[in-house]
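**Q** One structure, as structure tokens, below. Some questions next.
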């Protein structure tokens, strides 16, 4: 609930344009982020989750990554 509420509040306080897919992204984050070591998402969502006021990387001790290059590096480290 904290993640969904935080993302929604950020849209209203920062004045960002809300797209229908943003709600789906928030649910994806809420279901995954608290239970994972690494969370992969698109750049706009990663920015929202990492920066103030949310800073959820620190709250859940989960690395938030975006972009295929970073994803491949994480996967390579898991295999080693």
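Bear in mind these aren't lab numbers, they're just calculated from the coordinates by the rules spelled out. Just so it is clear, the model here is predicted, and its values are computed rather than measured. Because the Cβ atoms are built from the backbone with ideal geometry, glycine has one as well, and the counts that use them run over all protein chains shown.
**Q** Helix 20-32 against the longest principal axis of the chain: what's the angle in degrees, Cα atoms only, rounded to the nearest 10?
**A** 50 degrees
**Q** Ranking request for peptides 59-65, 16-22: highest mean number of other beta-carbon atoms within 10 Å first, then the rest in descending order.
**A** The peptides rank, most packed first, as 59-65, 16-22.
**Q** To the nearest 10 degrees, how steep is helix 68-79 against the longest Cα principal axis of the chain, on a 0 to 90 scale?
**A** The helix 68-79 is inclined about 50 degrees to the chain.
**Q** Now for a different question. How far is helix 2-14 tilted off the main Cα axis of the chain, in degrees rounded to 10, range 0 to 90?
**A** 60 degrees
**Q** I've got another one for you. Taking only C-alpha pairs under 8 Å that are 6+ residues apart, what is the relative contact order of the chain in percent?
**A** 27 percent
**Q** From the helices alone, meaning DSSP H stretches of at least four residues, give me the mean residue ellipticity at 222 nm for the chain, per-run term -39500 (n - 2.57), in deg cm²/dmol to the nearest 500.
**A** Working: 5 runs with 50 residues, N = 80.
Mean residue ellipticity at 222 nm (helix-derived): -18500 deg cm²/dmol.
**Q** Enter the Cα centre distance for the pair the range 1-27 and the range 37-77, rounded to the nearest angstrom.
**A** Centre-to-centre (Cα) distance: 16 Å.
**Q** Moving to a separate point now. Mind checking the full-extension length gain between residue 77 and residue 13? Use 0.36 nm per residue of separation minus the Cα-Cα distance, one decimal, nm.
**A** Extra length from residue 77 to residue 13 when fully extended: 19.3 nm.
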